[in-house]
Amino acid sequence: MELICPAGTPAALRAAVDAGADAVYCGFRDETNARNFPGLNFSAEELRSGIAYAHNHGVRILVAINTFARAGALDVWTRAVDAAVAADADALIIADAGILDYAAQRHPRQRLHVSVQAGAANPDAINYYMKAFGARRVVLPRVLSVPEIAAIAREVDCETEVFVFGGLCVMEEGRCSLSSYATGQSPNMHGVCSPASHVHYREEKGQLISRLGAFTVNKFAAGEPAGYPTLCKGRFQTEHAAGYLFEDPVSLDATAMLPALRKAGVTALKIEGRQRGRAYIERVVRNFRKTLAELNDGVTAPPGDLVALTEGQSTTAGAYRKSWR
Amino acid sequence: MQLTLGPVLYNWQPDQWRDFYFRIAEEAPVDVVVIGEIVCSKRSPFFTGHMPDVIERLAACGKRVILGTLILVSLKRERQQMAEIAANTEFMVEANDLTCLGSLDGRPHAIGPFVNIYNEATAAYFARRGARRICLPPELPMDSIRTIARALPDVTTEVFAFGRVPLAISARCYHARLHKLSKDNCRFVCEKDPDGLPVTTLDGEPFLAMNGVQTMSHACANLLGEVGDLAASGVGALRLSPQRCDMVAVACVFRDVIDGRLTRDDGMHELSRIYPDVPFANGFVHGQPGAVFVAAGAGAEPRARAPQMRDAVQ
């Protein structure tokens, strides 16, 4: 299985390459990619030199152009496609059918991957992307169990890529407007979720209160570790109960599922975290590279030592285990 | 301007579901009714038996019936159900996911608000493949709506204009989780909340509504104040999403305001009476947080004068 690693900066890209990534994914410094955070991502020139560095080391670069193009501003997205192709990207990761269509028509030899943001969750949807745009790989949404992934891999003539580590969307990717409901900024349109620009903290009666836009997302008692107020991992209440109604503040760690994912026929494993620093990327990539080597040697994966690196500092195998639902 | 009644998103008792549609058929001034379970495939067996009668009644009363498909399709059984719906040639099918678009290719169909059409290129792509009606994602601002609608004059562009906004879909059932049940043995607890289960912040402020695997806004989208702008932008239909309130009356208010028989302010007042206790919101269309309500005339630009509004025939 290939190891696909994130890079939000040229330094992180080199770190991922050096640490043993098979491929690195990254995006331009604008709203065309789903990690459009201040201080992150690549200029066209940085991408060119990053690709040259990666290719010199036998590593591929996948360019994520995976937000949905803004009406009336299509050229921002089509220019990104053209620039990535011109920079010799090994594949483009695209979510918007209109942009996939553009890329397939304009650059018929360019390898295209269907972004997780496209939410292609079954063989029929995947076949649509293959047939319509010649997509060669699909990044599966984090809503599927391992047996379901295996069934998909058996049925489609398309490579599959799954997330194994990092941030965990609880909702199906590409179909969540929770962030824009509270802040006006959405993953699909702006490439951000629960953006830091809309986060406020305040102390009240010994509690730390985190708010996103006009809504309280969590309250922490003195001494309780305060996580980032990502909407779906906040504490809310109903008439029945209060707490983490959607998901606990956990991250995805599917290390324990790697043998099953390999058996399922998955082509590539993806690590989330283009917003994370170089040290994080280096450590996670090295760890997964080692685990994969051991897996190839028939060694059962020991529990990872990556928990400390995760957001919320606790992990889940997410939808890969059916009981998660 | 057409009015479309969207599919019931909640888990209603089958008899109530049937009676709701019978009344819509006979009394509601809507042109199109989208019908079918699109949120959770486990619910559909309960009212499948009523479906033929409901469809027949709606059609007999002159409503155009469109069959909606599931938003998130992952099980084999669900794929088979979607294939059966797509194989239907008697009624137009509204695809809420790309799953059955392959089999609808080349024949007239509708696309629901859960397929991500955010721009004119994507809308045109789907129109070339047979989409005749496109209900845009609820989070789109007016500029995007206008650009898409004007680029595709031959397609009926529809906008989500009334009802709690479906904000997210998940593999996980939040109703089951809340009641400490597994999804497979959920006991259909979502039926206890036929208008969604209110989710508040820890301060007790209303925020969201839980509907099984779907998460909705607490506030009710209400674009009555924008019908003039929407019509002027080339929007051809407004979607009214069923809530636990008098939807016939809701449709009458929209129809009367569109046709100039009722002022916008009076219509707004009426809607507050018909669906009390739930705040209205229209932030998305104004490019603001979706939970916000922007009062009419609060914008910097003077409101466009509503042109002569006529029904577009599709």
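Bear in mind that the values in this text are calculations on the coordinates, not laboratory data. In this text the structure is predicted, and so the values were computed from the model without any measurement. Virtual Cβ from ideal backbone geometry, glycine too; neighbours counted across all protein chains shown.
Some points to look at:
- Scanning region B:122-131 for residues that are surrounded by fewer than 23 Cβ atoms within 10 Å (Cβ to Cβ) and outside any helix (DSSP H, G or I), we see that the one that is farthest from the other protein chains (Cβ to nearest Cβ) is B:130.
- Listed by position, the strands (runs of 3 or more DSSP E) enclosed by region B:43-117 that each have at least 3 residues that are out of contact with any helix residue (DSSP H, G or I) (no Cβ under 7 Å at 6 or more places or on another chain) are B:64-68.
- All positions within region B:149-193 that are closer than 16 Å to residue B:114 by Cβ and at the interface with another protein chain (Cβ under 10 Å from one of its Cβ atoms): B:165, B:166, B:167, B:168, B:169, B:170, B:171
- Pick from region A:146-160, criterion touching a helix residue (DSSP H, G or I) at 6+ places or on another chain (Cβ under 8 Å) and surrounded by fewer than 19 Cβ atoms within 10 Å (Cβ to Cβ), ranking: farthest from the other protein chains (Cβ to nearest Cβ): A:157
- Criterion violated by residue B:119 - all others in (1) in contact (Cβ under 8 Å) with a residue 12 or more places away in the chain; (2) in contact with a Lys or Arg (Cβ under 9 Å, 6 or more places away or on another chain); (3) more than 8 Å from chain A (Cβ to nearest Cβ); (4) of a type outside the set (Lys, Arg) satisfied: (3)
- Where strands (runs of 3 or more DSSP E) sit wholly within region A:177-277, those with at least 3 residues that are farther than 27 Å from residue A:325 by Cβ occupy A:199-204, A:207-212, A:215-220.
- Residue selection: residue B:134 satisfies the criterion of being in contact (Cβ under 8 Å) with a residue 24 or more places away in the chain, closer than 23 Å to residue A:121 by Cα, surrounded by 23 or more Cβ atoms within 10 Å (Cβ to Cβ) and more than 10 Å from chain A (Cβ to nearest Cβ).
- Hits in region B:256-266 - residues which are over 18 Å from residue B:295 (Cβ atoms) and either among the acidic types (Asp, Glu) or crowded, with 21+ Cβ neighbours inside 10 Å (or both): B:256, B:258, B:259
- Residue count for region B:202-250 under the criterion of being closer than 23 Å to residue B:123 by Cα, more than 14 Å from chain A (Cβ to nearest Cβ) and not in a strand (DSSP E or B): the result is 10.
- First in region B:257-285 and part of a loop (DSSP other than H, G, I, E, B), second anywhere and basic (Lys, Arg), Cβ under 9 Å, 6 or more apart: B:261/B:255; B:262/B:255; B:275/B:244; B:278/B:164
- Residue match in region B:105-112 (condition: surrounded by fewer than 20 Cβ atoms within 10 Å (Cβ to Cβ) and either closer than 30 Å to residue B:291 by Cβ or at the interface with chain A (Cβ under 8 Å from one of its Cβ atoms) (or both)): no
- Scanning region A:32-76 for residues that are under 18 Å from the mean Cα position of the chain (by Cα), among the β-branched types (Val, Ile, Thr) and either surrounded by fewer than 16 Cβ atoms within 10 Å (Cβ to Cβ) or away from every other protein chain (no Cβ under 14 Å) (or both) yields a total of 2.
- Only one of the numbered conditions (1) more than 14 Å from the chain's Cα centre (by Cα); (2) within 13 Å of chain B (Cβ to nearest Cβ) is violated by residue A:134, and that is (2).
- Residues (away from chain A (no Cβ under 14 Å) and surrounded by fewer than 17 Cβ atoms within 10 Å (Cβ to Cβ)) located in region B:267-291: B:269, B:272, B:273, B:274, B:276, B:277
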